[in-house]
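The values are calculated or read from the model by the stated rules, or taken from the named source; none is laboratory data. All figures in this text were calculated on a predicted structure; none of them were measured in a lab. Note that we place each Cβ from the backbone using ideal geometry, even for glycine, and neighbour counts take in every protein chain shown. Accessible surface is based on the protein model in full, side chains and every heavy atom, while ligands, DNA and RNA are left aside. Shrake-Rupley method; radii C 1.70, N 1.55, O 1.52, S 1.80 Å.
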Amino acid sequence: MTTVPTLAWPADDLEQFGGADEISISTRRPDGSLRPFVPIWIVAVGEALYVRSHRGTGGAWYQHATQHPVGSIRSGDHHADVTFAPADQTQREVIDAAYRAKYARYGDTYLPPMLADQAGDATLRVVPQP
């Protein structure tokens, strides 16, 4: 996966997407068409948005996002075209903390897989397209 410039999110987009319990995410096929949207958890850390695959690097959407890192996210009627970039692994602890804080109400049911090494290794930064 190539390095992607990290553009800043407009404040309203950061709040809309980062504050949503879950968003829908899609990746583009090589021909430019969007794959079906799938629901996913998202966290905001500072002015950045992050998603991760609870299935790790073997998750289908994660594989698509790393092979063709252009896609789209939506929350309600809010939509943004995005690029998926590798997460800075030095941010792992703060991203984990954001998942713990935001999704604590799910306790031992859904949260542990999102904090496991498998998911942490499959964390992507969601970057707005210009």
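For the chain, report the accessible area per residue in Å² (1.4 Å probe, heavy atoms, rounded to an integer).
52 Å²
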Counting Lys and Arg as +1 and Asp and Glu as -1, each charge on the Cβ, what is the dipole of the chain about the Cα centre in debye, to the nearest 20? 340 debye
Quote the accessible area belonging to Val70 in square angstrom, nearest 10, computed with a 1.4 Å probe and with ligands, DNA and RNA left uncounted. 50 Å²
Surface accessible to a 1.4 Å probe, Asp121 within the full protein complex, Å²: 90 Å²
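Kirkwood hydrodynamic radius of the chain from all distinct Cα pairs, in Å?
Numbers: mean 1/r = 0.0687 Å⁻¹.
Its Kirkwood hydrodynamic radius stands at 14.6 Å.
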Could you order Val38, Val127 by accessible surface area, starting with the largest, using a probe radius of 1.4 Å? Val38, Val127
By how many nm would the segment from Thr90 to Val70 grow when fully extended, if each residue of separation counts as 0.36 nm and the alpha-carbon distance is taken off? 4.8 nm
Leaving out ligands, DNA and RNA, what percent of the accessible area of segment 13-91 is carbon and sulfur, probe 1.4 Å? 46 percent
Accessible area, probe 1.4 Å, largest first, for residues Thr90, Thr66, Thr27, Thr57: Thr90, Thr57, Thr66, Thr27
Quick calc: nm separation of the 7 Å Cα→Cβ label points for Ala60 and Ser24 -> 1.6 nm
Please name whichever of Gly71, Gly18, Tyr50 sits farthest to the positive end of the charge dipole of the chain, dipole taken about the Cα centre and charges placed at Cβ: Lys and Arg +1, Asp and Glu -1. Gly71
Sticking with the crude label model, points 7 Å out along Cα→Cβ, report the distance from Ala97 to Ser33 in nm, one decimal please. 4.5 nm
Give me the accessible area of Trp9, 1.4 Å probe, in Å² rounded to the nearest 10. 20 Å²
Show that you can apply the helix-only estimate: for the chain, add -39,500 (n - 2.57) for every DSSP H stretch of four or more residues, divide by all residues, and state [θ] at 222 nm to the nearest 500. -9000 deg cm²/dmol
Go ahead and run the numbers for FRET between Asp77 and Arg105, Cβ-Cβ distance against an R0 of 25 Å, rounding to 0.05. 0.50
For Leu7, placing the label point 7 angstrom along Cα-to-beta-carbon and taking segment 110-130, residues whose amide nitrogen sits under 18 Å are 125-130
